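Below is one structure, written out as structure tokens; the observations come after it.
The values are calculated or read from the model by the stated rules, or taken from the named source; none is laboratory data. Remember, predicted model here, so these are calculated numbers, not experimental data. Every residue, glycine as well, gets a Cβ built from its backbone with ideal geometry; the counts of neighbours run over all protein chains shown.
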Amino acid sequence: MARFKKRLNKILDRLTSDELLSNSGLGNEIGFYIFDYPAECELEMREHIRFLLDQLPKRKSDIRCSHINLFELILQYLKERKLLDRVLDIQKKKGDDAVLKVLKGPLDAKKIAKEFVDLAKPEEQDLVLMSGVGSAYPMLRSHNLLNNLHHLMGDTPLVMFYPGVFTGQGLSLFGKLKESNYYRAFQLVPQ
């Protein structure tokens, strides 16, 4: 827990660093960053994200930043397509597996990546933050979304707050699920 708190205290400096905001030192890699944290620290992480969103403009007055909660984006997407009530009804009557089968098409990572970009407007931002990854599982896998965001984010850095483990080579949600290969991101704050 002490190590987690120490890492939290380094996030604001990192987010406002010229290196991160200008994507310098990446060797032509995309500016995707992951802050992984123990899943049991989810509530503290949510509180810290609120703190960051409050402090970012105080630290760097001209910064343009958007924050997307992935779970909230999915709910809004389903509402707009008039699918949410239907999905909830299916869940009550047939269970989670039936819901996941029904959502496979509507929540395809390509579609959600487009929705994400439409909402985040990376071309108008200096930085985009993503949270709600754990809540969006198993409806959407974060590594699939990241893969589909590569060509859509342009030069705008993306920071994903991830309840699990990022090894630099893969992601393990909650530190329990089988690792999904993903190596095109950098640790925001090293362990």
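Just one of the listed residues (ILE30, ILE11, ILE68) is under 26 Å from GLY170 (Cβ atoms), part of a loop (DSSP other than H, G, I, E, B) and of a type outside the set (Ser, Thr, Tyr), namely ILE30.
Residue pairs whose Cβ atoms lie under 7 Å apart, sitting 6 or more positions apart in sequence or on different chains, and linking a residue in segment 1-20 that is in contact (Cβ under 8 Å) with a residue 12 or more places away in the chain and of a type in the set (Ser, Thr, Tyr) to a partner that is part of a helix (DSSP H, G or I) and surrounded by fewer than 17 Cβ atoms within 10 Å (Cβ to Cβ), are THR16/ARG59. Within segment 49-65, residues that are part of a helix (DSSP H, G or I) sit with their Cβ atoms under 8 Å from residues that are small (Gly, Ala, Ser) and surrounded by 12 or more Cβ atoms within 10 Å (Cβ to Cβ), at 6+ positions apart or across chains, in these pairs: ILE49/SER131. The set of residues in segment 118-140 that are in contact with a helix residue (DSSP H, G or I) (Cβ under 7 Å, 6 or more places away or on another chain), crowded, with 17+ Cβ neighbours inside 10 Å and part of a helix (DSSP H, G or I) comprises VAL133, GLY134, ALA136.
Taking each residue of segment 133-162 that is on the phi < 0 side of the Ramachandran plot and looking for partners that are among the basic types (Lys, Arg) and part of a helix (DSSP H, G or I) with beta-carbon atoms closer than 8 Å, six or more apart or interchain, yields ASN148/LYS110; LEU152/LYS114. A residue that is touching a residue at least 12 places away in the same chain (Cβ under 8 Å) and within 30 Å of MET1 (Cβ to Cβ) cannot be found anywhere in segment 87-107. Report, by residue number, each residue of segment 143-157 that is within 17 Å of SER180 (Cβ to Cβ) and at pLDDT 90 or above. If the condition is that a residue be within 17 Å of SER180 (Cβ to Cβ) and at pLDDT 90 or above, then ASN144, LEU145, LEU146, ASN147, ASN148, LEU149, HIS150 are the ones that fit.
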